[in-house]
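These notes concern the structure reproduced below.
No value in this document is a laboratory result; all are computed from the given coordinates. Just so it is clear, the structure is predicted and the values come from calculations on it, not from any experiment. For neighbour counting, all protein chains shown are included, and Cβ atoms are generated from backbone atoms with ideal geometry for every residue, glycine included.
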Amino acid sequence: MILLISDLHLEEKRPDITRAFLHFLATRARQAEALYILGDFFEVWIGDDGMSPFQHEIARALRELSDAGTRIHLMHGNRDFLIGKAFCREAGCTLLSDPCTVQLGGERVLLMHGDSLCTLDVGYMKLRRWLRNPLSLLILRNLPLATRQKLARKLRNESRAQTRMKASEIVDVTPQEVLRVMAAHGVRTLIHGHTHRPAVHELEVNGQPARRIVLGDWDRQGWALQIDDEGFNQAPFELAPANASEP
Ligand code: MN
């Protein structure tokens, strides 16, 4: 059994999400051969050298899962693209490139975070190209922590203000870009997160039936896609597990 999740946006301010995730790691994820986290795992990440005690705690919990035998694969999101090798070593996970294809449930599946599919958002695509270029990454990683903190706050505030003004088609994926990317990779299943609109979209790629599975975010509830003998199934669950010790 394989599990895929994304957009947990873990942060100290949301102990309910953290508690649900730690519970998920200690229970359901233990039964999985592999856990895929498709980006925006953390609300913000300014660099492995700037990890807070909270972020170390999450790394420790992932490490326990990987030590117990579940492979953990992590993809960058637009919030946490500065996660690096040091975190992955500490957490016992491997970093996936975006996009990447993997063999899941007996077929080749394309995995993405999803922000690169929102091509109508021209301003963001430009910013993304700048932020994710190797030279910019090198510069960013070498800025003092306080500067990175300020920059992260500025980017988040701007993105929040702009998202409110943008039409919903602009902050969703561009249908033509989905078809283009799927055809280019020769896949019939694409799994991504980012848009916070969990769904399965039936498509046609090169005359063949295909599907785009969108992972849900963890905000009012949690979401996980499970791949097993029954196929690909995503279901929501309560953030506060019924048997949690705290109310
Ligand atoms: Mn995102």
Next on the checklist: Looking at LEU95 and the list (1) touching a residue at least 24 places away in the same chain (Cβ under 8 Å); (2) of a type in the set (A, V, I, L, M); (3) more than 16 Å from the ligand (Cβ to nearest atom), which single condition is not satisfied?
Outcome noted: (1)
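For GLY47, are the conditions met, namely being touching a Gly at 6+ places or on another chain (Cβ under 9 Å), touching a residue at least 12 places away in the same chain (Cβ under 8 Å) and within 17 Å of ILE213 (Cβ to Cβ)?
For GLY47, the condition - touching a Gly at 6+ places or on another chain (Cβ under 9 Å), touching a residue at least 12 places away in the same chain (Cβ under 8 Å) and within 17 Å of ILE213 (Cβ to Cβ) - is not met.
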Checklist entry - Among the residues of the stretch 26-42 satisfying the criterion of being outside any strand (DSSP E or B) and buried (at least 19 other Cβ atoms within 10 Å of the Cβ), which is nearest to the ligand (Cβ to nearest atom)? => result ASP40
Next on the checklist: Going by what's in this entry, would ASP219 be described as within 16 Å of the ligand (Cβ to nearest atom), part of a loop (DSSP other than H, G, I, E, B), farther than 22 Å from MET125 by Cβ and charged (D, E, K, R)?
Outcome noted: yes
Checklist outcome for this item: Given (1) touching a Phe, Trp or Tyr at 6+ places or on another chain (Cβ under 9 Å); (2) within 20 Å of ASN233 (Cβ to Cβ); (3) in a helix (DSSP H, G or I); (4) not polar (S, T, N, Q), LEU4 misses just (3)
Item to check | Residue, nearest to ILE17 (Cα to Cα), within the stretch 60-80, restricted to residues that are of a type in the set (A, V, I, L, M) and surrounded by fewer than 20 Cβ atoms within 10 Å (Cβ to Cβ) | outcome: ALA61
Checklist entry - If we scan the stretch 41-51, do we find a residue that is of a type outside the set (Val, Ile, Thr) and more than 26 Å from LEU155 (Cα to Cα)? => result no
Item to check | Selection within the stretch 172-200 - away from the ligand (no atom under 15 Å from the Cβ) and either part of a strand (DSSP E or B) or of a type in the set (Gly, Ala, Ser) (or both) | outcome: ALA183, ALA184, GLY186, THR189, LEU190, ALA199, VAL200
Checklist entry - Filtering the stretch 123-158 down to residues that are under 22 Å from ARG212 (Cβ atoms) and either in contact with a Cys (Cβ under 8 Å, 6 or more places away or on another chain) or not basic (Lys, Arg) (or both), which residue is farthest from the ligand (Cβ to nearest atom)? => result MET125
Checklist entry - Does SER97 satisfy the criteria of being under 22 Å from TRP130 (Cβ atoms), among the polar types (S, T, N, Q) and exposed (fewer than 15 other Cβ atoms within 10 Å of the Cβ)? => result yes
Checklist entry - Which residue, of THR18, THR119, THR101, is within 16 Å of the ligand (Cβ to nearest atom) and polar (S, T, N, Q)? => result THR119
